[in-house]
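The values are calculated or read from the model by the stated rules, or taken from the named source; none is laboratory data. Just so you know, these numbers come straight off a predicted model, no measurement behind them. Note that we place each Cβ from the backbone using ideal geometry, even for glycine, and neighbour counts take in every protein chain shown.
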């Protein structure tokens with residue numbers, strides 16, 4: 001490596017770029033053992049300490065796992081790290097309920113459409129079980145937990161790993177959003193009944209693989225939530 005080029009950036013950036021290139025080009029895949037620190041250091045012309053620091057960062061991020069007595073291996077468990085990072089970024093940016101609501105609307109219709117094709121009988125059974133439990137639970141907090149499970153199952157049934165990963169990344173904010181608004185909705189018996197009916201309508205549409213009916217049920221669902229949101233944020237744009 002050209003020393004002039006190295007001096008233009010911090011050396012750890014070059015080490016990080018090395019791992020990035022190795023993964024993106026397929027040279028390193030899940031389960032592969034990473035070369036020893038000394039070999040990477042010699043290849044890149046940097047110190048072993050720099051390589052060690054970058055590997056530690058990758059380990060924290062869930063992309064590398066150190067196995068005592070064996071070495072470091074490529075893994076793919078970044079959800080926890082990404083979730084914390086994204087949630088902190090959203091908090092720093094002061095992301096509001098209206099933006100979270102818009103995001104939910106955008107990706108749940110896509111998840112619903114994909115689930116029409118990809119949902120399995122077991123997943124349908126799981127969703128039905130959740131809805132039955134939701135109908136029988138009088139406690140709003142417990143109902144909110146089931147509500148979250150319903151929406152998570154819908155996204156999982158899409159079969160799209162990126163949708164699922166992104167949902168997991170922002171799960172804390174979404175969970176808080178659903179719990180807060182479900183509690184507000186359940187204070188109104190008419191709205192609570194509408195919400196319950198929309199969930200069941202989504203389920204029946206999935207059984208029939210009828211996207212138009214499912215989208216209409218989703219419209220009803222988000223209309224109820226949107227009305228509550230408008231009640232506490234009158235300036236929200238439609």
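What to note about this one:
- Selection status of residue 53, touching a strand residue (DSSP E or B) at 6+ places or on another chain (Cβ under 6 Å) and either farther than 28 Å from residue 164 by Cβ or not in a helix (DSSP H, G or I) (or both): no
- Selection of the stretch 116-149 for residues being within 13 Å of residue 206 (Cα to Cα) and either without any contact (Cβ under 8 Å) to a residue 60 or more places away in the chain or assigned to a helix (DSSP H, G or I) (or both) yields 116, 117, 118, 120, 121, 122, 123, 124, 125, 126, 127, 128.
- Of all residues making up the stretch 180-203, the number that are within 29 Å of residue 118 (Cβ to Cβ) and free of Cβ contacts under 8 Å to residues at least 12 places away in the same chain: 0
- Tally of residues being surrounded by 14 or more Cβ atoms within 10 Å (Cβ to Cβ), part of a loop (DSSP other than H, G, I, E, B) and touching a strand residue (DSSP E or B) at 6+ places or on another chain (Cβ under 9 Å) across the stretch 69-83: 1
- Candidates in the stretch 14-31 are the residues that are touching a helix residue (DSSP H, G or I) at 6+ places or on another chain (Cβ under 9 Å) and exposed (fewer than 14 other Cβ atoms within 10 Å of the Cβ); of these, the one that is nearest to residue 80 (Cα to Cα) is 29.
- Only one entry in 48, 75 is at pLDDT below 90 and at negative phi, namely 75.
- Residue 66 being touching a strand residue (DSSP E or B) at 6+ places or on another chain (Cβ under 6 Å), surrounded by fewer than 17 Cβ atoms within 10 Å (Cβ to Cβ) and either modelled with pLDDT under 90 or closer than 28 Å to residue 167 by Cα (or both): yes
- Qualifying residue in the stretch 174-183 (condition: closer than 27 Å to residue 164 by Cβ, in a helix (DSSP H, G or I) and modelled with pLDDT of 75 or more): no
- Matching residues in the stretch 92-109 - criterion: being within 15 Å of residue 167 (Cβ to Cβ) and touching a residue at least 40 places away in the same chain (Cβ under 8 Å): 100, 101, 103, 104, 105, 107, 108, 109
For (1) farther than 21 Å from residue 100 by Cβ; (2) surrounded by fewer than 17 Cβ atoms within 10 Å (Cβ to Cβ), each residue gets a yes or a no:
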| position | (1), (2) |
| --- | --- |
| 111 | no, no |
| 138 | yes, yes |
| 151 | no, no |
| 157 | yes, no |
| 169 | no, no |
| 195 | no, no |
| 198 | no, no |
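- Residue 86 more than 29 Å from residue 208 (Cβ to Cβ) and in a helix (DSSP H, G or I): yes
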